[in-house]
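The values are calculated or read from the model by the stated rules, or taken from the named source; none is laboratory data. Predicted model, so just to flag it, every value in this text is computed and none were measured. All Cβ positions, glycine included, derive from the backbone under ideal geometry; neighbour counts span all protein chains shown.
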């Protein structure tokens, strides 16, 4: 009889739900072949009190397999040796003053790496980053890509040549919104921006006189609708552990512009226009090329639909099932 897999989730916060959406899609598929259980932690954040509450707040059966779905890596200290830990990225966690970095490395990487049986990462790029942090546990690391959500179905749309709508996802510093706006300021377009805008970003949008709509803390179905309404998805991020908007846009059938580096280049395959995210001119020229050359644009869409096949739910679920079986 197959052992139950207990999926441990961080406490829910409205502004952070990417990990939850990912595994909520995977778990029903995995559940067709294994028993599954979901454990949600009681405390959000990374205070000592919150970490203590979380370490005490999960009831575990020693015979089950535990899968820590991300963010709360320190839970490996109490989950036992039949544990799979998914690490979504490294750089966004290990930052700040030197002492803080060492504490984070200890409780989020070094000790968990010693405790768990397997570590999954979401790209080859992330694997190479993580190996530098935990070289002693490199043999435990395995790449399992993120799956594309089954709610995202191919929905063709004729380009609005007069005034295309461009979808921008994310407003944190790595999302590169400021350079992106600089690149688009001379283009007659409308913007749909997903993510909470800062005062400086709002000021920039007003200075460039953009016509835009901003949504944040939205349910996933609204994000699906945003892809469907858009003519182009522009995701010129400077750093990603994976880059979900790339394959989500490809699944809908939208041309994608993304960065020519790291995980984004790896994930996009041949289905995206690659630009230098640090060059305003490179971003601008990429947008002009995609909007202005119909044959090129259609080729990106076709290549994107082909590329996204390797991220289908059943493909990724089988990889996790094989991993659980190996335990």
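Filter the stretch 69-101 down to the residues that are in a helix (DSSP H, G or I) and in contact with a strand residue (DSSP E or B) (Cβ under 8 Å, 6 or more places away or on another chain), then identify the one that is farthest from residue 146 (Cα to Cα). Outline the logic, then answer.
Step one: filter the stretch 69-101 for residues in a helix (DSSP H, G or I), giving 73-79, 98-101.
Subsequent filtering for residues that are in contact with a strand residue (DSSP E or B) (Cβ under 8 Å, 6 or more places away or on another chain) retains 73, 75-76, 79.
Values: 73: 18, 75: 21, 76: 21, 79: 23 Å.
The residue in question is 79.
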All but one of (1) part of a helix (DSSP H, G or I); (2) crowded, with 22+ Cβ neighbours inside 10 Å; (3) touching a residue at least 60 places away in the same chain (Cβ under 8 Å) hold for residue 310; which doesn't?
(2)
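Can you work out which of the residues in the stretch 55-106 that are over 23 Å from residue 30 (Cα atoms) and touching a residue at least 40 places away in the same chain (Cβ under 8 Å) is surrounded by the most Cβ atoms within 10 Å (Cβ to Cβ)?
Start the filter on the stretch 55-106 by keeping residues that are over 23 Å from residue 30 (Cα atoms), which leaves 55-57, 74, 77-78, 89-106.
Imposing the further condition that a residue be touching a residue at least 40 places away in the same chain (Cβ under 8 Å) reduces the set to 89-92.
Details: 89: 21, 90: 24, 91: 14, 92: 13.
By that ranking, first place goes to 90.
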Would you confirm whether any residue within the stretch 1-11 is assigned to a loop (DSSP other than H, G, I, E, B) and in contact with a strand residue (DSSP E or B) (Cβ under 6 Å, 6 or more places away or on another chain)?
yes
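Right, residue 203: within 30 Å of residue 91 (Cβ to Cβ) and touching a helix residue (DSSP H, G or I) at 6+ places or on another chain (Cβ under 6 Å) or not? If you could, list the steps in order and put the result at the bottom.
Details: within 30 Å of residue 91 (Cβ to Cβ): yes; touching a helix residue (DSSP H, G or I) at 6+ places or on another chain (Cβ under 6 Å): no.
In short, no.
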Which condition does residue 233 not pass, out of (1) assigned to a helix (DSSP H, G or I); (2) touching a helix residue (DSSP H, G or I) at 6+ places or on another chain (Cβ under 6 Å), if it passes all the others?
(1)
Looking at 117, 127 in this structure, which one is closer than 30 Å to residue 79 by Cα, surrounded by fewer than 20 Cβ atoms within 10 Å (Cβ to Cβ), under 22 Å from the mean Cα position of the chain (by Cα) and at pLDDT 95 or above?
127
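More than 18 Å from residue 301 (Cβ to Cβ), modelled with pLDDT of 95 or more, in a helix (DSSP H, G or I) and within 19 Å of the chain's Cα centre (by Cα): is that true of residue 249 in this structure? Working first, answer last.
Working: more than 18 Å from residue 301 (Cβ to Cβ): no; modelled with pLDDT of 95 or more: yes; in a helix (DSSP H, G or I): yes; within 19 Å of the chain's Cα centre (by Cα): yes.
So residue 249 fails the test.
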Where residue 169 falls short, out of the listed (1) in the same structural domain as residue 293 (by TED's automatic domain parsing); (2) under 30 Å from residue 29 (Cα atoms); (3) exposed (fewer than 14 other Cβ atoms within 10 Å of the Cβ):
(3)
Pairs please, first residue from the stretch 38-54 and within 23 Å of residue 22 (Cα to Cα), second anywhere and modelled with pLDDT of 90 or more and surrounded by fewer than 16 Cβ atoms within 10 Å (Cβ to Cβ), Cβ atoms under 7 Å, 6+ apart in sequence or on different chains.
42/53; 43/53; 54/42
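Can you tell me how many residues within the stretch 203-221 are out of contact with any strand residue (DSSP E or B) (no Cβ under 8 Å at 6 or more places or on another chain) and at pLDDT 95 or above?
Step one: list which residues in the stretch 203-221 are out of contact with any strand residue (DSSP E or B) (no Cβ under 8 Å at 6 or more places or on another chain), which gives 203-204, 206-209, 217, 219-221.
Now drop any that are not at pLDDT 95 or above, which leaves 203-204, 206-209.
Summing the residues that are out of contact with any strand residue (DSSP E or B) (no Cβ under 8 Å at 6 or more places or on another chain) and at pLDDT 95 or above in the stretch 203-221 gives 6.
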Pick from 28, 42: which is under 24 Å from the mean Cα position of the chain (by Cα) and in a loop (DSSP other than H, G, I, E, B)?
42
Exception for residue 200 within (1) at pLDDT 95 or above; (2) part of a helix (DSSP H, G or I); (3) under 22 Å from the mean Cα position of the chain (by Cα) falls at (3)
Could you please tell me which pairs satisfy a Cβ distance under 6 Å, a separation of 6+ or placement on different chains, a first residue in the stretch 16-28 that is more than 16 Å from residue 312 (Cα to Cα), and a second residue that is at pLDDT 90 or above?
19/69; 19/70
Identify all residues within the stretch 255-272 that are touching a strand residue (DSSP E or B) at 6+ places or on another chain (Cβ under 6 Å) and buried (at least 24 other Cβ atoms within 10 Å of the Cβ); write none if there are none.
255, 256, 257, 258, 264, 268, 272
Could you please give the count of residues in the stretch 277-327 that are over 26 Å from residue 239 (Cα atoms) and touching a strand residue (DSSP E or B) at 6+ places or on another chain (Cβ under 7 Å)?
3
